[in-house]
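Written out below as structure tokens is the structure these notes cover.
The values are calculated or read from the model by the stated rules, or taken from the named source; none is laboratory data. Since the structure is predicted, the reported quantities are computational estimates derived from the model, not experimental observations. Neighbour counts are summed over all protein chains in view; Cβ atoms, including those assigned to glycine, are modelled from backbone coordinates with ideal geometry. Protein only, heavy atoms only, side chains kept; ligands, DNA and RNA dropped before computing areas. Shrake-Rupley method; radii C 1.70, N 1.55, O 1.52, S 1.80 Å.
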Amino acid sequence: MENHSTQRKALRIDSVIDRTGLSKTHLYRLIERGHFPRPVKLSDRVSVWDATLVDQWLSEKFSGVKA
């Protein structure tokens with residue numbers, strides 16, 4: 001078995017909504033327009049997002065914002 005030095009964290013829809021503050025409807029609109037990372041389908045009923053990609057998206061939104 002391989003030992004990966006970086007572990008990916010998968011987020012379900014509720015975690016993405018909590019993390020971003022977006023509604024489910026708005027989130028899927030952004031995905032449709034190519035403005036938010038697409039989920040990965042693990043099975044017919046389970047889709048997840050890479051936490052790193054979601055965090056990068058948030059960082060881009062906050063770049064240039066002054067405290």
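Remarks
- Taking first residues from the stretch 44-67 that are at positive phi and partners that are of a type in the set (Val, Ile, Thr) and open to solvent by less than 80 Å² (accessible area, probe 1.4 Å), no Cβ contact under 8 Å between residues at least 6 apart in sequence or on separate chains turns up.
- Candidate set: the stretch 1-53, residues that are in contact with a strand residue (DSSP E or B) (Cβ under 6 Å, 6 or more places away or on another chain) and among the β-branched types (Val, Ile, Thr); chosen: the one surrounded by the fewest Cβ atoms within 10 Å (Cβ to Cβ): Val40
- Among the residues here, Glu32 does not qualify as modelled with pLDDT under 95 and out of contact with any Asp or Glu (no Cβ under 8 Å at 6 or more places or on another chain).
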